[in-house]
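What follows is calculated from the coordinates using simple rules that are stated; it is not laboratory data. Here the structure is a predicted model, which is why all the values come from computation and not from measurement. Glycine also receives a Cβ, built like all others from the backbone with ideal geometry; neighbour counts cover every protein chain displayed.
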Amino acid sequence: MEWKRTRLYSIVNFTCPYCHEGAFFVSHPYDLKQAGDLHKECAVCHRRYSIEPGFYYGAMYVAYALAVAWSVTMYVAMAVLTPNASLMVQFASITIGLLLAGPLLYALSKITWANLFFSYRGVARTQEEMAAATKGQ
Ligand SMILES: [Zn+2]
């Protein structure tokens, strides 16, 4: 499979889950005023990024999994790199690391959630999609 057609390409590059070309987010993850804000539809293929109100609430499950994975990774890294660190130092380091990675994990959770439900279709729309779009869906 061509790399550009994979879901991982869309997730890593924060691009549209349908065409993998248009930007998914309004800004980068560390622009905290617009963190996690996404466009209503793709600027390239004009497909909508949400299928129902509250669609992205489900991204919190992905965010939880990413936060746990990040914390475990930091714990293992600290256990290897600084084996004599106290429990308090380890806890503080993991907490600070989670806070620093928070905006990135939040953005990754949203784009991952979108890629669970939307798949690559390319830029050109099918006849069925065109008909649905003109009906206002
Ligand atoms: Zn698109």
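Values as computed for the structure displayed
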quantity	calculated
Sole exception among (1) within 13 Å of residue 111 (Cβ to Cβ); (2) away from the ligand (no atom under 12 Å from the Cβ) for residue 27, by number	(1)
Criterion violated by residue 123 - all others in (1) within 16 Å of the ligand (Cβ to nearest atom); (2) assigned to a helix (DSSP H, G or I); (3) touching a residue at least 60 places away in the same chain (Cβ under 8 Å) satisfied	(2)
The range 30-42, residues that are within 9 Å of the ligand (Cβ to nearest atom) and touching a strand residue (DSSP E or B) at 6+ places or on another chain (Cβ under 7 Å)	41
Condition met for residue 79 (more than 29 Å from residue 118 (Cβ to Cβ) and part of a loop (DSSP other than H, G, I, E, B))	no
Which listed residue, of 71, 93, 50, is surrounded by 12 or more Cβ atoms within 10 Å (Cβ to Cβ), free of Cβ contacts under 8 Å to residues at least 40 places away in the same chain and within 15 Å of the ligand (Cβ to nearest atom)	50
The range 1-24: number of residues that are among the hydrophobic types (A, V, I, L, M, F, W, C), touching a residue at least 24 places away in the same chain (Cβ under 8 Å) and within 13 Å of the ligand (Cβ to nearest atom)	4
Set 108, 99: member being within 16 Å of the chain's Cα centre (by Cα) and assigned to a helix (DSSP H, G or I)	108
Residues of the range 31-70 satisfying the condition of being under 30 Å from residue 131 (Cβ atoms) and of a type in the set (Lys, Arg)	40, 47, 48
